[in-house]
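Visitor: Just passing along the structure, written as structure tokens.
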Amino acid sequence: MSPQRLGLVAVIVVALALPFVLSNFRLFQFTLVFVNAIALLGLNILTGYNGQISLGHSAFYALGAYTSAIMIDKWSVPYMLTLPAAGLLCLVAGFLFGIPALRLEGLYLALATFALSLAVPQILKYFEHWTGGSQGIVLSKPDAPFGLPLTPDQWLYLMTLAVLAVLFWLAANLLAGRTGRAIVAIRDNPIAAQAMGIDTALYKSLAFGVSAAYTGVAGALSALVIAFVAPDAFNVFLSITFLVGIVVGGLASIPGAIFGGLFIQFVPNWAQDISKAAPWAIYGLFLIFFMYAMPLGIAGSLRILWIRYATRARRDPTGTPVGSLSKQ
Amino acid sequence: VDIFFQQVVSGIATGGIYGSLALALVMIYQATDVVNYAQGEMAMFSTYLAWSMINAGLPYWVAFAATLVIAFVGGIVIERVVIRPVENAPVLTIVIVCIGLLTILNSLAGWIYTYTQKPFPSPFPNRPIRIGNVIFGAHDVGAIAITLIVLGLLYVFFRYTTLGLAMRAAAQNPASSRLVGIRVGWMLALGWGLAALVGAVAGMMVAPVVFLDPNLMAGILIYAFASATLGGFTSPGGAVIGGLIVGVTENLVGTYVRFIGTELKLTVALAIILIVLMVKPSGLFGRSVVHRV
């Protein structure tokens, strides 16, 4: 077994053990870490792999959350079914938004998506009949099915973990294959990609759709986990937090989404513990020093460390690295 | 018809404010190739400094000038200390550092000055100017005049001075600029200083209208960003015109389209901007970027 695979197995074992060790509140926090991680992976597919900056992912998160909440609250749909529904709806919404976004690049795309996330709380309040206006919708936490001896928090944790595992596996396969190479090629050089016969318009819209679907599923999960949705939770700052998460975690990296999820869940709390008076100043300092120390994010830094370690291990006994240029 | 003109005039007044901050955004973009998300908070913080000085008994214009100097130096210091270590990092890393800066400034201002709103004095007389049935606020007219003066000065600076030319060159092609002896790093720092200065002007012009609090700029920055994009990020004049268009559209839409009212007017203003961008993807007055393959 390769060291990477061994590490993965260890992480999964620890993740499965956590619900039987931690308090309900800690467990709730870790569930939110997973929810964040799914949303971050979604954004990372678009921004990290495809090179399209989005400040609008709070909109898809909100769409997912409200899809789930309205289906449960108004139509009493079983909550498990609302997850694929939210994902599908966001896939279509993201794909459709991706089409006009094709004409926009960089800053202009950032503005377009920014406008989307600004508009969402206002629109949600406007359709009060469906969304409950600023009061939002209150749900109840689902109990564990089949009479499993689990508390609702433990069940939600395990369910989120399962969804996370499936979605991460799907993303890894998608990005490792032909589609993934096309998506990355468009980021690195759109003109060359087009010359190679890649349908850039299709793949860019597709990346938008898949990205939105991931974020939508995360939104739906958040509605179940928090058991409450309200328009003001889905503001622009959520979009910015997602962006912070993918950059801190590591752009174009699948495990990076988990590191990012941990960062955006726990670092604001630590900042609060350090200084009650100006917690966000501490958070800002933390963010800046983090970027100084790891400009490529946590996953990027780990990759560099790993490469260093691997090259050192491959050195011959005289201490010269294999393939070094010392002879010239 | 009078109501129409009145709405247009007040739209121009708010638009002037959006325009001046948009101008600051465009400036820093031209001089550094980075959109500075901390711009609004830098302006807010400068305005607080001006407030402190005025409260300490300094005459308005002395405080005004002192604030501009402090903002300029502060902008340079921030670039040298905070931005420089990540100069060569990917753009998104720089964006995140800017977001960190934003939260620090916002939180510090709240900590030092508390979150209660403070009135900020206007240097202009309080009585309105009346032409026909349309009323102009003296502060609005003054604010627009100052914005236009700043714009004019910047235009002259970038167009006709060697330093201005060097700054534009450093942003457009750092490698070649360095080869002809331009100190690129310092040009970037100067760009930040100038943008902080323009932001401080915008802050001091907007504070008498909306009162001073640490979140002063959050809302306005959104409009400024929209204005700059609408005008085109490569055109300072476009930023000001973009600001005026956004201000007027927002006011007219809020007044005349009943079901929208004040709740959805931001959404509608943004939707209009998006439609414009669909037709002209690099803004109304922007040059489209041509890539070399």
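The values are calculated or read from the model by the stated rules, or taken from the named source; none is laboratory data. All values derive from a computational prediction rather than experimental measurement. So basically every Cβ, Gly included, is an ideal-geometry build from the backbone, and we count neighbours across all protein chains shown.
Visitor: How many residues, within the stretch B:200-252, are among the acidic types (D, E) and assigned to a helix (DSSP H, G or I)? Steps first, please.
Guide: The initial filter retains those residues of the stretch B:200-252 that are among the acidic types (D, E), namely B:213, B:250.
Restricting the remaining residues to those that are assigned to a helix (DSSP H, G or I) gives B:250.
Counting residues in the stretch B:200-252 that are among the acidic types (D, E) and assigned to a helix (DSSP H, G or I) gives 1.
Visitor: Could you check B:I112 against (1) among the aliphatic types (A, V, I, L, M); (2) free of Cβ contacts under 8 Å to residues at least 40 places away in the same chain; (3) within 14 Å of chain A (Cβ to nearest Cβ); (4) exposed (fewer than 14 other Cβ atoms within 10 Å of the Cβ) and say which number it fails?
Guide: (2)
Visitor: Let me ask you something else. Taking the stretch B:64-105, which residues are away from chain A (no Cβ under 14 Å) and buried (at least 22 other Cβ atoms within 10 Å of the Cβ)?
Guide: Residues satisfying the conditions are B:T67, B:A71, B:G75.
Visitor: Does A:P142 count as in a helix (DSSP H, G or I), of a type outside the set (A, V, I, L, M, F, W, C) and touching a helix residue (DSSP H, G or I) at 6+ places or on another chain (Cβ under 9 Å)?
Guide: Details: in a helix (DSSP H, G or I): no; of a type outside the set (A, V, I, L, M, F, W, C): yes; touching a helix residue (DSSP H, G or I) at 6+ places or on another chain (Cβ under 9 Å): yes.
No, not satisfied.
Visitor: I would also like to ask the following. What number goes with the only condition from (1) surrounded by fewer than 21 Cβ atoms within 10 Å (Cβ to Cβ); (2) within 12 Å of chain B (Cβ to nearest Cβ); (3) of a type outside the set (V, I, T) that A:N269 does not pass?
Guide: If we test A:N269 against (1) surrounded by fewer than 21 Cβ atoms within 10 Å (Cβ to Cβ); (2) within 12 Å of chain B (Cβ to nearest Cβ); (3) of a type outside the set (V, I, T), just (2) comes out false.
Visitor: Do you know which of the residues in the stretch A:231-251 that are surrounded by fewer than 24 Cβ atoms within 10 Å (Cβ to Cβ) and not in a helix (DSSP H, G or I) is farthest from the chain's Cα centre (by Cα)?
Guide: So the residue we want is A:N235.
Visitor: Restrict the check to the stretch B:147-168 and report whether at least one residue is in a helix (DSSP H, G or I), of a type in the set (V, I, T), within 14 Å of chain A (Cβ to nearest Cβ) and in contact (Cβ under 8 Å) with a residue 60 or more places away in the chain.
Guide: Restricting attention to the stretch B:147-168, the residues satisfying the condition of being in a helix (DSSP H, G or I) are B:147-160, B:162-168.
Applying the additional criterion that residues be of a type in the set (V, I, T) yields B:147, B:149-150, B:156, B:162.
So of that shortlist, the ones also within 14 Å of chain A (Cβ to nearest Cβ) come out as none.
Within the stretch B:147-168 (the criterion being in a helix (DSSP H, G or I), of a type in the set (V, I, T), within 14 Å of chain A (Cβ to nearest Cβ) and in contact (Cβ under 8 Å) with a residue 60 or more places away in the chain), the answer is no, since none of the residues qualifies.
Visitor: Okay, next question. Scan the stretch A:20-48 for residues that are within 14 Å of chain B (Cβ to nearest Cβ) and closer than 23 Å to A:L83 by Cα and jot them down. Explain how you work it out, then say what you get.
Guide: Going residue by residue through the stretch A:20-48, those that are within 14 Å of chain B (Cβ to nearest Cβ) are A:40, A:43-44, A:46-48.
Across the stretch A:20-48, the qualifying residues are A:L40, A:L43, A:N44, A:L46.
The rows are residues; the columns are (1) within 30 Å of B:I222 (Cβ to Cβ); (2) in contact with a strand residue (DSSP E or B) (Cβ under 8 Å, 6 or more places away or on another chain); (3) surrounded by fewer than 19 Cβ atoms within 10 Å (Cβ to Cβ); (4) at pLDDT 85 or above.
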position: A:L118; (1), (2), (3), (4): yes, no, no, no
position: A:W130; (1), (2), (3), (4): yes, no, yes, no
position: A:G133; (1), (2), (3), (4): yes, no, yes, no
position: A:S140; (1), (2), (3), (4): no, no, yes, no
position: A:A144; (1), (2), (3), (4): no, no, yes, no
position: A:G147; (1), (2), (3), (4): no, no, yes, no
position: A:L156; (1), (2), (3), (4): no, no, no, yes
position: A:M159; (1), (2), (3), (4): no, no, no, yes
position: A:L164; (1), (2), (3), (4): no, no, no, yes
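Visitor: Check the stretch B:258-267 and report whether any residue there is modelled with pLDDT of 70 or more and closer than 30 Å to B:V156 by Cβ.
Guide: No: zero hits.
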